[in-house]
Amino acid sequence: MSELQHTSAATRRDAVIAARDLTKRYGRTSVVDAINFDIAKGEVFGLLGPNGAGKTTTILMLLGLTEISAGRVSVLGFDPARQPLQVKRRVGYLPDAVGFYDHLTAVENLAYAAKLMGLGVAERSRRIAAALTRVRLLDVADKRVATFSRGMRQRLGLAEIIVKRAEIAILDEPTSGLDPQATIEFLDLIRELKAEGVTVLLSSHMLDQVQRVCDRVALFRAGKISIMGSVAELSVKVLGAGFVVEVEADGAGIARRLAAIPGVGNVETLAEDRFRMTADRDVRADAARAVVAANGALRRLSVDEPSLEAIYAHYFQATPPGGVRDAA
Amino acid sequence: MRREGSAFQGVGAVFVKELSDNISSVRMLMLELLIVLTAMAALYEAITALRQNTAEDPFLLLRLFTVSQAPLPSFVAILGFLIPLMAIGLGFDLINSEHNRRTLSRILAQPIYRDALLLGKYLAGLATITISLTALWLLVIGLGLIFLGVPPGGEEIARSLAFLVIAVFYAGVWLSLAMLLSIVFRSPATAALVALGIWLFLTVLWPMLAPAIAQAIVPPDPRFAALGLDTPGTAIWTQLLQRFSPNDLFGEAMLAVLSPTTRTLGPVFLDQIRGAVMGAPLPFGQSVMIAWPQTVGLIACTIVLFVAGYVLFQRQEVRA
Ligand SMILES: Nc1ncnc2c1ncn2[C@@H]1O[C@H](COP(=O)(O)OP(=O)(O)OP(=O)(O)O)[C@@H](O)[C@H]1O
Ligand SMILES: [Mg+2]
């Protein structure tokens, strides 16, 4: 586990966010405790962890909205504590349970934010119209935000990031409180951002969604990053194997041949013609070749992708949380 | 550590938004109605009183501000009472409402410093009050023209403008107090209650307490009492203590500016008025000099309260 942490802490050349021993103390308790991570340009990075683990605090430190107690962090090459305006000009932030001025319309809310960004009148209205179209709020653009549902507010918050043309989007629990349909739509919007080259940092409790959209995740616990990496990497670390492949095939010595495939952990013989193997990658193609090479008849080949849910549950059960604090 | 960029970036945007919020708010409408109605009543009384006098007074217009006809206090006294209410009404939820609406972290994630938010909001509140007071001032001048029928002289206009400026500074004190409380207390209701408590204490209780405390410090001398006079030591202490209240500073400054015959605001010693022509008005410049320390006191009080709020807000957590 610590080995994984070390490889991730190694400096990447294309890192847009780099944290080194980043620490936040309230009084004597370290709420964020010497964490290290790098986020590459264009990556979708997920922060996971139980309530009070320190995700929001980490985000606030990245934005210069709360003081850093120790350590360093650089965002797009700037120090958020010393050059907060440079950072905030380039980074969009969607706070968890985002709020708007209820008596103003969607457009007015965005216009205020855009003014604070320093955009001129023409540029402002052009970008706002485009952003509202993208988040599909154009038809309610002139309605007061008081009438908006949770999902609409969340999308309006994303529109603000789009108006800003942020290079990094930091989303704190963007899908909490959304219904499944709204969640899917929101995740699509996040993917669109990624496709445009925006780096996305998001925190969430909704594991399967995080899994669907994140390239890498960091599991927070009591202010520390316990493990970090892609979902496949984590499942190897936590579950011992990433993929479970089931093969149904006739033929002699298939189990032996399957076991010889590089990356396969173990092969279980479920029935005479059914085998289950665990591997650290998707080995279906190799398994098919192995069966064919043994002159076997391949009838079925299925794979269970590792689920973040299983990793999370397994990880936090296996190592019971010590001193997890309540959320602020 | 030098910060990059200007602390004032975004002040304009915040100012414009807050000003338009203030002006269109129902709360502001109520406060203005309250002030205009009470002020009109006081003015009506003053006009009736003044029309019965012959128009010999060279400062008839200024008398409109200061004449009081029982049971109503003078226009200036009413403003001294209501301006704090208006400032508190505008300021008690400046910052905590941003917390409660959860807009604060979103706004502070824009490329501005916290200074800009605070300053923009403060200036917008002050501008709102200035607009209302200016309207009220025009109303007084207009009514004076119509009902008293004497065009105001240059000095009267100058003196009444000085009144306007000092009234805005006075509002500034209460606005910065209200803003400080809106930073300290997360709940707007608490902030409003505390602000109103302080207001009541300083306008109602303190004028009664100050003499009592002064008498405890310097017990009245029976020899002065026998002559029906105040003991000088006690009187000095009373005034000193009363000056801790911005209302008192405002009242004194108004007295100096609007009553041109005012020569001094403290107890008078004989050697101070040697050679003075009693009852003769002072030139405008001299009256301003008399009101100057009080005005500076109001400004200093504003600055202290604003800086206290500023420091607290800088270190405050943005998360709700
Ligand atoms: N102002 C504060 N003073 C003291 N402790 C605080 C303060 N703010 C937050 N904390 C503590 O910091 C810890 C981390 O809080 P944080 O909000 O970062 O957690 P989180 O991971 O975002 O949780 P959640 O998933 O509930 O949003 C919590 O234990 C919280 O109690
Ligand atoms: Mg959080």
For this session: Quote the charge dipole size of chain A about the Cα centre in Debye, to the nearest 20; the model charges only the Cβ of Lys and Arg (+1) and of Asp and Glu (-1).
Result: 1080 debye
Seminar exercise, completed: Rg from C-alpha atoms of the stretch A:105-159, normalised by the globular rule of thumb 2.2 N^0.38 Å, equals 1.03
Problem set entry | Given charges at beta-carbon only (K, R positive; D, E negative), |dipole| of chain B in Debye | 940 debye
Exercise. Using +1 on the beta carbon of Lys and Arg, -1 on that of Asp and Glu, and nothing else charged, what's the dipole of the protein assembly as shown about the Cα centre, debye to 20?
Worked result: 920 debye
Seminar exercise, completed: Of the listed links A:K88/B:K121; A:K55/A:K143; A:K164/B:K121; A:K224/B:K121; A:K143/A:K164, those spanning more than 31 angstrom between alpha carbons are A:K55/A:K143; A:K224/B:K121
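At 30 angstrom or more along the helix axis (alpha-carbon based) and mean Kyte-Doolittle of 0.5 or higher, what helices does chain B contain? Whole DSSP H runs only.
Counting only whole DSSP H runs, the qualifying helices are B:26-52, B:114-143, B:154-184, B:284-315.
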Exercise. Tell me, what is the FRET efficiency for B:Q52 and A:K143 to the nearest 0.05, using R0 = 45 angstrom and their Cβ-Cβ distance as r?
Worked result: 0.15
Problem set entry | Calculated [θ] (222 nm, deg cm²/dmol) that DSSP helices of n ≥ 4 give over chain A, each run adding -39,500 (n - 2.57) | -11000 deg cm²/dmol
Problem set entry | Kirkwood hydrodynamic radius of the stretch A:2-236, from inverse mean 1/r over distinct Cα pairs, in Å | 18.1 Å
For this session: Would you give the gap between the C-alpha center of the stretch A:22-37 and the C-alpha center of the stretch B:73-121, rounded to a whole Å?
Result: 34 Å
Seminar exercise, completed: From the Cα centre of the stretch B:222-254 to that of the stretch A:66-100, the distance in Å is 55 Å
Exercise. Taking the simple approach of a point 7 Å from Cα along Cα-to-Cβ for both B:L139 and B:F201, what is their distance in nm?
Worked result: 3.1 nm
Exercise. Once the piece of chain linking A:R191 and A:A297 is laid out straight, how much longer is it, given 0.36 nm per residue of separation minus the C-alpha distance between them?
Worked result: 34.1 nm
Exercise. A:R212 versus A:I184, label points 7 Å from Cα toward the beta carbon: distance in nm?
Worked result: 0.7 nm
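Would you kindly work out the equivalent ellipsoid of the stretch A:243-305 from its C-alpha gyration tensor and give its semi-axes, the square roots of five times the eigenvalues, largest first in whole Å?
16, 11, 11
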Exercise. Taking the stretch B:1-48, which GluC sites (Glu not before Pro) meet the DSSP loop condition and have no more than 11 other C-beta atoms within 10 Å?
Worked result: B:E4
For this session: Take the Cα pairs of the stretch B:1-155, get the Kirkwood Rh, then feed it into Stokes-Einstein at 10 °C and 1.306 mPa s and tell me D in µm²/s.
Result: 88 µm²/s
Problem set entry | Selected from A:T57, B:L180, B:L164, residue furthest toward positive end of dipole (the protein assembly as shown; charges at beta carbon) | A:T57
Exercise. What is the sum of charges around B:G89, taking Lys and Arg as +1, Asp and Glu as -1, for the other residues whose C-beta is under 15 Å from the C-beta of B:G89?
Worked result: -2
For this session: Give me the Kirkwood hydrodynamic radius of the stretch B:11-314, using the inverse of the mean 1/r over all pairs of distinct Cα atoms, in Å to one decimal.
Result: 21.0 Å
For this session: Once you've got the GNM for chain B with C-alpha springs shorter than 10 Å, pick whichever of B:V76, B:V257, B:V16 has the biggest mean-square fluctuation.
Result: B:V16
Seminar exercise, completed: Computed from the beta carbon distance with a Förster radius of 35 Å, FRET efficiency for B:V218 and B:A70 to the nearest 0.05 stands at 0.60
For this session: Give, as ranges by residue number, the residues of the stretch A:76-91 whose backbone N falls under 20 Å from the point 7 Å along Cα→Cβ of A:R20.
Result: A:76-84, A:87
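For the protein assembly as shown, what Kirkwood radius comes out of the mean inverse Cα-Cα distance, in Å?
Over the protein assembly as shown, the inverse of the mean reciprocal pair distance is 29.9 Å.
We did not get these values from a lab; they are worked out from the coordinates using the rules stated. Everything quoted here is computed from the prediction, not taken from an experiment. Counting neighbours? That spans all protein chains shown, and the Cβs are built from the backbone with ideal geometry, glycine included.
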